[in-house]
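Below: the structure, in structure tokens.
Only the coordinates and a few stated rules stand behind these numbers; no lab work does. Computed from a prediction, not measured in an experiment: that's the story for all the values here. Here Cβ is always computed from backbone atoms with ideal geometry, including for glycine, and neighbour counts include all displayed protein chains.
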Amino acid sequence: MSVIDNKAKSVKGNEFKNKIRLILSDLHKSKLIDNFESKKRYAGNTNLEPQFYAPFVVESRQQTTILFTTTSLRTDRIKENQWDAYGIKTALGPSVKCILVVPNPTTQKQKNELNNAVDNNNNPKRLSFIDDIIVDSKLKIYYNNLHGDK
């Protein structure tokens, strides 16, 4: 992989995080969420250094939600988010919801990858600390439903 490819992927990932930040700002303005923070780290317990990364921590009256983001549904990316979700749930408790947010798929290949990732995540024979995988356009719907506005 070339340096140019890595730079383009980094730019794409940062643009997606900025898009999520804007969506969260809109949700905060419309009072569907109480607050959100970016780039927070948690320790698995009080004797450890913070090592588990939460790109977004969203607070609402109903729950605390950790939003992970990725523009690629590669297995290694999902496993990285699973590890952080495990550590954060260890630190904060199992009531915290961890959601992986991905861009809306634009090709059939991306749709298939998303369907496979969701199926694997929801498979009762697999252990997952990620509670759901959703596309960015569904974030507002998620918080509307959580808030009780159908």
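How many angstrom lie between the Cα centre of region 15-75 and the Cα centre of region 90-125? Using only Cα atoms, the two centres lie 15 Å from each other. Computed from Cα atoms alone, the Kirkwood hydrodynamic radius reported for region 100-139 is 10.7 Å.
Counted residue by residue at 0.36 nm each, then reduced by the alpha carbon distance between them, the extension gain from VAL118 to ASN6 reaches 37.7 nm. Distances between every pair of Cα atoms in region 35-89, grouped in 10 Å steps from 0 to the bin holding the largest one, split as 24, 49, 25, 2 percent. Three principal axis extents describe the C-alpha atoms of the chain; from largest down they are 42, 41, 34 Å.
Amide H to amide H under 5 Å from THR69: which residues, 5+ apart in sequence or cross-chain, H placed 1.01 Å off N in plane? So THR69 has HN proximity to VAL101.
Net charge in the neighbourhood of PRO105 (other residues with Cβ under 13 Å of its Cβ; Lys, Arg +1, Asp, Glu -1) is +1.
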